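Enquirer: Below you will find the structure I want to go over with you.
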Amino acid sequence: MVLATDSVPTIVGEAGIGKSALVAELAQKRGAKLFTTVVSLVEKGDLVIPVPPLTSDSFVQTKHFGRLADVQFGYSHTLVALIRQAEAYPDQEIIWFLDEFNRGTQAVQSELMNLVLQRQINGLQLPQQVHLILAENPDATMAGFAASHYGVTPGDAAIVDRTTRLVLQADPATWLTWATTQVAGGPRVSPLVTTYLTEHPAELTGTVTQATPDDDLRPTPRAWTRVSGLLRELDRRDLLGQAALVQELVRGNLGDAVGSAFSGYVLEHRVTLTVAEAYTAPDAVTRFTQLTLAQQQRLLAQAVKSQQDWPLTTGRWAQRFDELLRVCPADGQFAIARAIAQAPNLLEGLQAQTATVPAVAKLYAELTAIGQRGSQIEV
C-alpha cells in the first residue's frame, strides 16, 4: 500500500527479525529486480564525488574470482547497474533497498535522503519504475523502543517526516508457519527448533524471563534459523550426542540462558534409532520415518556393515531392512544399494538365498530395481 501511493516505507525492527528477507520476498512476489545498498558501509560523498574514467590498466583479472577495479576511492556502481537494468527492461519494476539506513552518519543519511525525495542526483534521474525501501534498527527516540541500545544515528525530524514508518515485530505463529514449510523435501527449519518454539513461543526473541538483561546475546528469528543449520550439520557428522559441543555452539547463537535451555532440550528430544532397535523394535518403521534423511541413510549404511549380527540373508532381517529402505527417497535408496553392491560377497549371498527365502528374494528384487533406476539417472 505504501509503494502504491508512491511513498517510501521505512521498515523498523530488531536485528535478525527478517527485514531484508521481507524485502527480498516482496521483490520476488512482484517480479521486481532487487538492488541493495548497505548504508552503514557508505561514506559521505560516495554518491557525489566524481571518479575519473578507468582504463584497461585499472582492472585486475583474477584466476578464480573474477575481475575487479584497482582504485583507491570511488562509489558503488549500483546506480549504473540500476539504470542499465531499467533501460534493458523498461516494464520490470525495480526495488532499491537501503538497508541499515540509520547506521549511516547524519551526513550520509542527508545525502541519501535527497536522492530518496528528489529521485535525482548530479543530473541523474531515477526511472519511474524504481521504488525505494529503507530499513532501520530501532533507537531509543522511537516510541516503544526506549530500551534499545543499537549504535545508530537517529534521523532528524525532517528525515523522519518524509517516509512511512512500518514497525516489524516478531510473531511466533507466523514464523513457525514459515519455518515448517516444506523446501527441497524437508522443513525449512529443523523440527527440533520448531517443536521447541511451539512450546516456548516467547523465546523466539528471548522476551521471557530466562533471557536476562545481562545476556549480551539474545535469540532472534535469524539466530534460530542459523541454529537449525548448525543442528543439521551436527547431525550429519553424528555429533548431536556430544553435550558440551552442542551447548557451546547453541549458546554462541542464542545467549547463555536460552541457549542452555534449548541445548538441554536437543539432547533430550533428538530422534535416534540404533541398528538393533531398527531390527527389533515394534515401532521401528514409524520411528525411522521421523529421522532426517541423513540419519536414515546413515542408519541403513550401519546396518549394511553389521552383517555379523544382523545378516540380510536371514528372512526376518531382510524383511525389516526392505521396509526401512522403501521409506527412503530415491537418491538415498540408490546410495544404500550401491553400498550393498560394494560390500564383499553380500549381494552374491543375497542372490544365493532368493530361491529359498522369500523375504530375501523380495529384497534382492528391490535392490536390483533401485540399481537399474539409479544407473538410468546417472546416464
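Enquirer: For Val327, state whether it is in contact with a Phe, Trp or Tyr (Cβ under 8 Å, 6 or more places away or on another chain), under 30 Å from Leu192 (Cβ atoms) and either surrounded by fewer than 18 Cβ atoms within 10 Å (Cβ to Cβ) or in the same structural domain as Leu192 (by TED's automatic domain parsing) (or both).
Expert: The answer is yes for Val327.
Enquirer: Right, next: Mind telling me which of the residues Gln302, Gln308, Gln297 ends up being under 17 Å from Arg338 (Cα atoms), surrounded by fewer than 17 Cβ atoms within 10 Å (Cβ to Cβ) and of a type in the set (S, T, N, Q)?
Expert: Result of the check over Gln302, Gln308, Gln297: Gln302.
Enquirer: Specify which of the listed residues (Gln297, Gln290, Gln247, Gln307) is in the same structural domain as Ile340 (by TED's automatic domain parsing), closer than 21 Å to Leu197 by Cβ and free of Cβ contacts under 8 Å to residues at least 40 places away in the same chain.
Expert: Gln290
Enquirer: Name the pairs: first residue in segment 1-29 and within 16 Å of Glu93 (Cβ to Cβ), second residue assigned to a helix (DSSP H, G or I), Cβ to Cβ under 6 Å, at least 6 apart or on different chains?
Expert: Filtered contacts from segment 1-29: Val8/Val116.
Enquirer: Could you grab me the full set of residues in segment 95-110 that are touching a helix residue (DSSP H, G or I) at 6+ places or on another chain (Cβ under 7 Å) and part of a loop (DSSP other than H, G, I, E, B)?
Expert: Within segment 95-110, Glu100, Gly104 qualify.
Enquirer: Looking only at segment 306-317, decide whether some residue is among the aliphatic types (A, V, I, L, M), assigned to a helix (DSSP H, G or I) and in contact with a helix residue (DSSP H, G or I) (Cβ under 6 Å, 6 or more places away or on another chain). So that I can check it myself, show each step before the final result.
Expert: Kept after step one, since they are among the aliphatic types (A, V, I, L, M), are these residues of segment 306-317: 312.
Next, only the ones that are assigned to a helix (DSSP H, G or I) stay: none.
Checking segment 306-317: not a single residue is among the aliphatic types (A, V, I, L, M), assigned to a helix (DSSP H, G or I) and in contact with a helix residue (DSSP H, G or I) (Cβ under 6 Å, 6 or more places away or on another chain).
Enquirer: Would you check if Thr177 is out of contact with any strand residue (DSSP E or B) (no Cβ under 6 Å at 6 or more places or on another chain), outside any loop (DSSP other than H, G, I, E, B) and free of Cβ contacts under 8 Å to residues at least 24 places away in the same chain?
Expert: yes
Enquirer: Shifting gears a bit: Could you list, in sequence order, all residues of segment 111-123 that are in a helix (DSSP H, G or I) and farther than 19 Å from Thr164 by Cβ?
Expert: The one that is in a helix (DSSP H, G or I) and farther than 19 Å from Thr164 by Cβ: Glu111.
Residues checked against (1) surrounded by fewer than 16 Cβ atoms within 10 Å (Cβ to Cβ); (2) farther than 20 Å from Lys19 by Cα; (3) modelled with pLDDT of 85 or more:
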{"position": "Val130", "(1), (2), (3)": "no, no, yes"}
{"position": "Ile133", "(1), (2), (3)": "no, no, yes"}
{"position": "Ala140", "(1), (2), (3)": "yes, no, no"}
{"position": "Val152", "(1), (2), (3)": "no, no, no"}
{"position": "Gln182", "(1), (2), (3)": "yes, yes, yes"}
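The values are calculated or read from the model by the stated rules, or taken from the named source; none is laboratory data. Because the structure is a prediction, the values reported are computed rather than measured. For neighbour counting, all protein chains shown are included, and Cβ atoms are generated from backbone atoms with ideal geometry for every residue, glycine included.
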